[in-house]
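Have a look at the structure below before the remarks.
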Amino acid sequence: MTQVDDGALADDQCVLDNGRQPRLLDIIEIDITRLRWAPHQPENWIVGTQPWRMVGRYPWPALVPLLCRSMHSGPDVFGCNDDRIPYREILRRPMRRSLVLVAPDSVQWYIRRSFNGNRQVRAKFSLGGKSHNLAVTDRDWEDRFEDLPVGCMLDAQDVELARDDRVIFTVGLGQPFNGCCYKLVVGVLVVSQTRWAELCG
């Protein structure tokens, strides 16, 4: 298999002009230079050297139609419900996108050790009647669980969500690793019952 440079940005490359890291729903202006297409991540661009500029925050009324148009109903994510896709399959049939929004029917969170011994937060969730089990790389949610022991499993109330809150996941496809690209929960957006009704009404 061809070695692929992961192209990831370091934390110090992702600082806004107000001094903080970007958050979900921030509107930011970024200097980009050229497309860096890859079979597993066709949306990639090379980032320039200019500072990232904070423009504003996405207001909820404007976000509703965007989320409604963009939501993937499942039951599969990227064509299957496994947590990975063999890279050789992606080389044969390149991905049309490497990011997708999903609204799980139910979610459980748990902490485990990955096969190489690293601590890992995972989300078990149902989507359109199929079960998924993915690693979570959203930094805020990793931090939320940092003091919990390996083996811990949590429901919504355990992670300080209101009973009727829903979550929307941004699921991304990672870089090739051990012959596969793994699906990752790269963003977690919490939506109140009232706002969820606006989405689903």
Exercise for review: Please indicate, with yes or no, whether at least one residue in segment 114-122 is in contact with a strand residue (DSSP E or B) (Cβ under 6 Å, 6 or more places away or on another chain), of a type in the set (Lys, Arg) and closer than 29 Å to GLN21 by Cβ.
Suggested key: yes
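Check segment 137-155 and report whether any residue there is assigned to a helix (DSSP H, G or I) and within 23 Å of ALA197 (Cα to Cα).
First pass over segment 137-155, keeping only residues assigned to a helix (DSSP H, G or I): 139-144.
Narrowing further to those that are within 23 Å of ALA197 (Cα to Cα): none.
Among the residues of segment 137-155, not one is assigned to a helix (DSSP H, G or I) and within 23 Å of ALA197 (Cα to Cα), which makes the answer no.
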Exercise for review: Evaluate the following for GLY129: is it in contact (Cβ under 8 Å) with a residue 60 or more places away in the chain and either surrounded by fewer than 16 Cβ atoms within 10 Å (Cβ to Cβ) or under 25 Å from LEU9 (Cα atoms) (or both)?
Suggested key: no
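Going by the structure shown, is ILE90 more than 30 Å from ILE28 (Cβ to Cβ), of a type in the set (Val, Ile, Thr) and surrounded by 14 or more Cβ atoms within 10 Å (Cβ to Cβ)?
Working: more than 30 Å from ILE28 (Cβ to Cβ): no; of a type in the set (Val, Ile, Thr): yes; surrounded by 14 or more Cβ atoms within 10 Å (Cβ to Cβ): yes.
So ILE90 fails the test.
Counting just the residues of segment 11-35 that are out of contact with any strand residue (DSSP E or B) (no Cβ under 9 Å at 6 or more places or on another chain) and in a loop (DSSP other than H, G, I, E, B), which one comes out surrounded by the most Cβ atoms within 10 Å (Cβ to Cβ)? First the steps, then the outcome.
First, pick out the residues of segment 11-35 that are out of contact with any strand residue (DSSP E or B) (no Cβ under 9 Å at 6 or more places or on another chain): 11-12, 19, 21.
This time we only want the ones that are in a loop (DSSP other than H, G, I, E, B), so: 19, 21.
On the way: GLY19: 7, GLN21: 13.
So the residue we want is GLN21.
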Check your understanding: Within segment 144-188, can you find the residues that are touching a Leu at 6+ places or on another chain (Cβ under 6 Å) and either of a type in the set (Gly, Ala, Ser) or at pLDDT below 95 (or both)?
Key -> ILE168, GLY172, GLY174, GLY187
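Could you say whether any residue in segment 137-149 is closer than 25 Å to GLY79 by Cβ, surrounded by 13 or more Cβ atoms within 10 Å (Cβ to Cβ) and not aliphatic (A, V, I, L, M)? Outline the logic, then answer.
First pass over segment 137-149, keeping only residues closer than 25 Å to GLY79 by Cβ: 137-138.
Filter once more, keeping what is surrounded by 13 or more Cβ atoms within 10 Å (Cβ to Cβ): 137-138.
Next, only the ones that are not aliphatic (A, V, I, L, M) stay: 137-138.
Within segment 137-149, one or more residues are closer than 25 Å to GLY79 by Cβ, surrounded by 13 or more Cβ atoms within 10 Å (Cβ to Cβ) and not aliphatic (A, V, I, L, M).
Are any residues in segment 158-182 touching a Lys or Arg at 6+ places or on another chain (Cβ under 7 Å) and closer than 16 Å to TRP109 by Cβ, and if so, which ones? Reasoning before the result, please.
Step one: filter segment 158-182 for residues touching a Lys or Arg at 6+ places or on another chain (Cβ under 7 Å), giving 159, 171, 173, 180-182.
Of everything in segment 158-182, those that are touching a Lys or Arg at 6+ places or on another chain (Cβ under 7 Å) and closer than 16 Å to TRP109 by Cβ turn out to be VAL159, VAL171.
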Check your understanding: Restricting attention to segment 15-40, which residues are closer than 26 Å to PRO94 by Cα and either among the aliphatic types (A, V, I, L, M) or without any contact (Cβ under 8 Å) to a residue 12 or more places away in the chain (or both)?
Key -> ILE32, LEU35, TRP37, ALA38
**Study point:** Options THR194, THR170: the member that is among the polar types (S, T, N, Q), part of a helix (DSSP H, G or I) and either without any contact (Cβ under 8 Å) to a residue 24 or more places away in the chain or under 25 Å from LEU63 (Cα atoms) (or both)
**Key:** THR194
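Each row is one residue, and each column tells you yes or no for (1) surrounded by 16 or more Cβ atoms within 10 Å (Cβ to Cβ); (2) assigned to a loop (DSSP other than H, G, I, E, B).
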{"residue": "TRP37", "(1), (2)": "no, yes"}
{"residue": "GLN41", "(1), (2)": "yes, yes"}
{"residue": "GLN50", "(1), (2)": "no, yes"}
{"residue": "VAL55", "(1), (2)": "no, no"}
{"residue": "GLY74", "(1), (2)": "yes, yes"}
{"residue": "ILE85", "(1), (2)": "yes, no"}
{"residue": "LEU101", "(1), (2)": "yes, no"}
{"residue": "TRP109", "(1), (2)": "yes, no"}
Check your understanding: Here are some conditions: (1) in contact (Cβ under 8 Å) with a residue 40 or more places away in the chain; (2) under 17 Å from PHE177 (Cβ atoms). ASN118 meets all but one. Which one does it not meet?
Key -> (1)
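The values are calculated or read from the model by the stated rules, or taken from the named source; none is laboratory data. Computed from a predicted structure; not experimentally measured. We place every Cβ from the backbone using ideal geometry, glycine too, and count neighbours over all the protein chains shown.
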